[in-house]
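Visitor: Below is the structure I would like to discuss, written out as structure tokens.
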Amino acid sequence: MIAAVIQIVFFLLFVCVLLGLYRLARGPSVLDRVLAFDLITTCVVGMIILLSIQWQTTLFLELILVFALLGFMTTVAFVIHLRQTRQRPSPPAGAQTSQTEV
């Protein structure tokens with residue numbers, strides 16, 4: 001019974017990864033692509049956990065932690081990048097920027 005449930009959930013997570021890949025390739029904005037990557041990493045972590053349960057092993061714990069950390073750090077890096085780009089003052093509409101030579 002548990003093996004059948006694991007296989008069904010594994011298939012659903014695989015479909016989720018495929019939908020995430022579609023959004024990653026087609027996303028109209030960078031935010032959509034970052035969220036799609038986060039979705040993919042979360043689904044892959046779930047798939048690895050299911051394999052670990054099915055094979056009754058704890059050898060995949062390091063891999064699970066690496067994938068979870070990768071997804072988290074990607075999201076944090078994007079938020080930092082977004083925050084820095086929004087804090088930069090944009091030049092006024094009619095102003096010309098002057099470049100000084102050193």
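Visitor: Could I have the simple spin-label model distance between residue 66 and residue 52, label points 7 Å from Cα toward Cβ, reported in nm to one decimal?
Guide: Calculated label separation equals 1.3 nm.
Visitor: Something else now. What percent do you get for the relative contact order of the chain when only Cα pairs under 8 Å and 6+ apart count?
Guide: Working: 63 pairs, mean separation 23.8, N = 102.
Across the chain, relative contact order equals 23 percent.
Visitor: Further question: Give me 32, 38 ranked fewest to most by other Cβ atoms within 10 Å of their Cβ, as a rough exposure proxy. Spell out each step's value before the answer.
Guide: Values: 32 13, 38 17.
Going from sparsest to densest Cβ surroundings: 32, 38.
Visitor: Starting at the first residue of the range 24-35, write each ³J(HN,Hα) from the Karplus equation 6.51 cos²θ - 1.76 cosθ + 1.60 with θ = phi - 60°, in whole Hz, x for Gly and Pro.
Guide: Computed from phi, the couplings for the range 24-35 are 5, 7, 9, x, x, 10, 5, 4, 4, 5, 5, 5 Hz.
Visitor: Something else about it: Kindly put 52, 29 in sequence by how many other C-beta atoms sit within 10 Å of each C-beta, fewest to most.
Guide: Numbers: 52 16, 29 8.
If I rank by nearby Cβ atoms, fewest first, I get 29, 52.
Visitor: Between (i) 13.5; (ii) 14.0; (iii) 16.6, which entry matches Kirkwood radius over Cα pairs in Å as derived from the coordinates of this structure?
Guide: After the calculation, the listed value that fits is (iii).
Laboratory data are not the source of any read-out in this text; all were calculated from the coordinates shown. On a predicted model such as this, the values are computed, not experimentally measured, just so you know. In this analysis, Cβ positions are derived from the backbone assuming ideal geometry, glycine residues included, and neighbour counts consider all displayed protein chains.
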